[in-house]
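The values are calculated or read from the model by the stated rules, or taken from the named source; none is laboratory data. Predicted model only: the values in this text are computed from it and were never measured. Note that each Cβ is placed from the backbone with ideal geometry, even for glycine, and that neighbours are counted across all protein chains shown. Heads up: the accessible areas ignore ligands, DNA and RNA and are worked out on the full protein's heavy atoms, side chains in. Shrake-Rupley method; radii C 1.70, N 1.55, O 1.52, S 1.80 Å.
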Amino acid sequence: MHAIDVMTSEVISVDKNATVPAVAKLLAERGISAVPVVDKDNRVIGMVSEGDLLHRAETGTERRRAWWLDMMASTNRLAGDYIKSHSVQVKDVMTRNVLSVTETDERTIRGKLLAELKAQKWAEVSPANVIVKDGVVHLWSSYVSEQEKRALVVAAENIPGVRRVEDHMRRVGTTLLG
């Protein structure tokens, strides 16, 4: 399964100053389980999910721990839990440190690149010499000319989802038979 198979194409986002009740209503109305929280430049700074709204004071579901766990918890932790269960601002309940994936994954990137190279007469690259990890294409091929090397890098850079191209290629010498 790929991210593109389960992702929503119309992204609905909220501002960090949105209210918890407004986000809860939005999730229910749209039938979605989470929304990204974005800054003024539309960059993701967090996510608010149904899970972030589970332990809330207004619903009587705030987190309750055994007394001995409360005694062992730091006052910082206890204060943070209070803020998360009582604040009405999204910025206080959102999950930070969001990990994201692109709609394409390593297998898709690699497949598109190999298909592009196969269509080019100048490109003779073994599939074993193309590795994609975390959106980074690693090229381990041999090349004859600087133009060929640059063309391989350009082909990789143009594949959607590629963050960077790492060049591990080496030049092969040419010999004249006489």
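So, R0 is 25 Å and r is the distance between the beta-carbons of TRP122 and ARG163; what FRET efficiency does that work out to, to 0.05?
Once the sixth-power term is evaluated, E becomes 0.50.
If each of THR59 and THR19 carries a label point 7 Å out from its Cα toward its Cβ, how far apart are those two points in nm?
With each label placed 7 Å out from Cα toward Cβ, I get 1.7 nm.
Report the number of Lys pairs in the chain whose alpha-carbons are under 20 Å apart, with separation of 8 or more residues or on distinct chains.
Within the chain, the lysine pair count is 12.
Taking springs between alpha-carbon atoms closer than 10 angstrom, which of THR108, THR95, THR59 fluctuates most in the Gaussian network model of the chain?
Of THR108, THR95, THR59, the Gaussian network model singles out THR59 as fluctuating most.
Just the accessible area per residue of the range 23-147, please: how many Å² with a 1.4 Å probe? It would help to have the intermediate numbers written out before the result.
Values: 8500 Å² over 125 residues.
Ligands and nucleic acids excluded, the figure is 68 Å² per residue.
Which one of LEU114, LEU152, LEU78 has the biggest mean-square fluctuation once the chain is modelled by GNM with Cα springs under 10 Å?
Looking only at LEU114, LEU152, LEU78, the biggest GNM fluctuation is shown by LEU78.
Please report Rg (one decimal) and Dmax (integer) in Å for the Cα set of the range 9-115.
17.7, 61
Report, in deg cm²/dmol and to the nearest 500, the calculated mean residue ellipticity at 222 nm for the chain, where each DSSP H run with n ≥ 4 adds -39500 (n - 2.57) and the sum is divided by the residue count.
-10000 deg cm²/dmol
For the chain, what is the percent of antiparallel DSSP beta bridges, rounded to the nearest 5?
Approximately 60 percent, going by the DSSP bridge assignments.
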